[in-house]
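Every number in this text was worked out from the coordinates using simple rules, so none of it is lab data. Every value quoted in this text rests on a predicted model; they were computed, and no experiment measured them. When we count neighbours, we look across all protein chains shown, and the Cβ atoms used for this are built from the backbone with ideal geometry, even at glycine.
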Amino acid sequence: MQPMKNRASISHIHLESIDSTNEYAKRSCHSFDPGRITCITAEEQTAGRGRSNRQWISPKGSDLYATFYFRLPMPLHHAHIANLAQVIASSLIAVLLDRGLSPRFKWPNDVQLDGKKVSGVLCETAFHPYYADFFLGIGVNVNREKSALERIDQPATSLKQETGHAWDLKEFLRRLQERFVDDLDLFQREGFAAFHKRLDSLLAYRGQPIRCFDGNKEWKGICHSLNEDGRLNLLLPDGQIHAFFSGDTIPNVIQ
Ligand code: BTN
C-alpha cells in the first residue's frame with residue numbers, strides 16, 4: 001500500500017447542511033482518494049451522532065463538526081484501533097495548549113476545559129482484508145453560547161465561554177487539520193507510544209473516585225492512569241488495577 005501523501009494533499013469538503021459528517025463520509029468514500037486524508041465539515045448537522053448512539057446537537061454556524069476519512073494498512077503496529085480517536089483528541093489538545101488553554105483528556109477520547117466537555121470523538125471503521133477505512137468524527141464546541149450549552153445532558157463548555165471571545169472557525173480548523181496530519185503520520189511511524197505521555201499527564205480525574213461503565217457492568221474505583229496501550233487503569237477497592245479497553249467514565253461523587 002502507498003504511504004499517505006504529505007499534508008498538502010489533504011482534501012476538504014465543506015457542506016452547508018448534512019445529517020452527519022460521519023454518515024456522509026461513509027456514503028461517499030467510494031469517490032474519495034484513499035491515499036489522502038479527506039476532511040468533511042458542515043455548517044450544521046441535522047442528525048449529529050455521539051458515542052453510544054447518543055445525539056450530538058449541532059446548531060448552525062457556531063461550532064466545528066468534522067470527519068476525517070483515511071485508509072490505513074492492517075494490522076496496526078504497536079497500536080489499537082481505539083487509539084486513533086485518542087490521537088485526534090491529542091491533536092486538539094495540542095492546538096488548545098498552543099493557544100494558552102489548559103485542556104484535560106477525559107478517557108476514552110473527550111477533551112475538557114475547566115472540568116467540562118468541549119469536544120468528543122466518534123471513530124467508525126470499515127474493515128477489509130488488508131486495510132481499514134476510518135471515519136474519525138470530531139465535534140468541538142467553539143462559539144456555542146451558554147444557553148445552548150445548558151441544553152447538553154452533561155456539563156459542557158465552549159472555547160468562546162472559556163476565553164470570553166469568539167473564535168475564527170476556519171483558522172481553528174486549519175490548525176487542527178495541520179496538527180492531525182502530522183499526528184497521524186507520527187502514529188503510523190511510532191504507534192500510540194508517541195502520544196501516551198502527553199495524554200497520561202493530562203488525564204482528567206486522576207486520583208479521584210470514578211465510575212466506569214464497560215458496556216456490561218459498572219465498575220467503581222480510583223482513576224489511576226492511562227495504560228501505555230491507551231486503556232484506562234482503574235484502581236479497584238481490593239487494590240487490583242483493572243484496565244479498560246472501552247467504556248465511559250463519570251466522576252463518582254460521594255455525598
Ligand atoms: C461523543 O462525544 O459522543 C462523540 C461526538 C462526535 C461528534 C462528531 S461531530 C462530527 C461527526 N459527525 C457526527 O455525527 N458525529 C461526529
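Overview of values
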{"read-out": "Spacing of the two label points (7 Å from each Cα toward its C-beta) at SER28 and GLU190, in nm", "value": "3.4 nm"}
{"read-out": "Residues whose placed amide H lies under 5 Å from that of ARG49, excluding near-sequence neighbours", "value": "TRP56"}
{"read-out": "Sites matching trypsin sites (Lys or Arg not before Pro) across the stretch 208-255 that sit in DSSP coil, with at most 11 neighbouring C-beta atoms within 10 Å", "value": "LYS217"}
{"read-out": "Residues in the stretch 30-49 reached by a label modelled at TYR131 [backbone nitrogen below 20 Å; 7 Å Cα→Cβ]", "value": "30-40"}
{"read-out": "Residues listed by number, the stretch 9-35, amide nitrogen under 16 Å from THR46 label point at 7 Å toward C-beta", "value": "15-25"}
{"read-out": "Lysines with Cα under 27 Å of LYS220, excluding same-chain neighbours fewer than 8 positions away", "value": "LYS106, LYS116, LYS117, LYS197"}
{"read-out": "Charged-residue dipole, Cβ positions (Lys, Arg, Asp, Glu), the chain about Cα centre, Debye nearest 20", "value": "160 debye"}
{"read-out": "Among PHE192, LEU236, SER147 the positive-end extreme of the charge dipole of the stretch 103-255 (Cβ point charges)", "value": "SER147"}
{"read-out": "Counting DSSP beta bridges with both ends in the chain, the antiparallel % (nearest 5)", "value": "85 percent"}
{"read-out": "Stretch gain in nm, segment ASP114-ARG174, where the contour uses 0.36 nm per residue and the Cα spacing is subtracted", "value": "19.2 nm"}
{"read-out": "Value of [θ]222 nm, deg cm²/dmol, for the chain, DSSP H segments ≥ 4, -39500 (n - 2.57) each, nearest 500", "value": "-7500 deg cm²/dmol"}
{"read-out": "Karplus-derived 3J(HN,Hα), 6.51/-1.76/1.60, for each residue of the stretch 103-116, Hz, glycine and proline x", "value": "x, 10, 9, 9, 4, x, 7, 8, 10, 10, 10, 6, x, 10"}
{"read-out": "Dipole magnitude (debye, nearest 20) for the stretch 131-199, charges at Cβ of Lys, Arg, Asp, Glu", "value": "180 debye"}
{"read-out": "FRET efficiency estimate (nearest 0.05) - Cβ-Cβ, ILE81 to ALA148, R0 45 angstrom", "value": "0.90"}
{"read-out": "Relative contact order of the chain, defined on C-alpha pairs under 8 angstrom at six or more residues apart (%)", "value": "16 percent"}
{"read-out": "Linear extension gain, PHE245 paired with GLU124, 0.36 nm per residue minus alpha-carbon span", "value": "42.0 nm"}
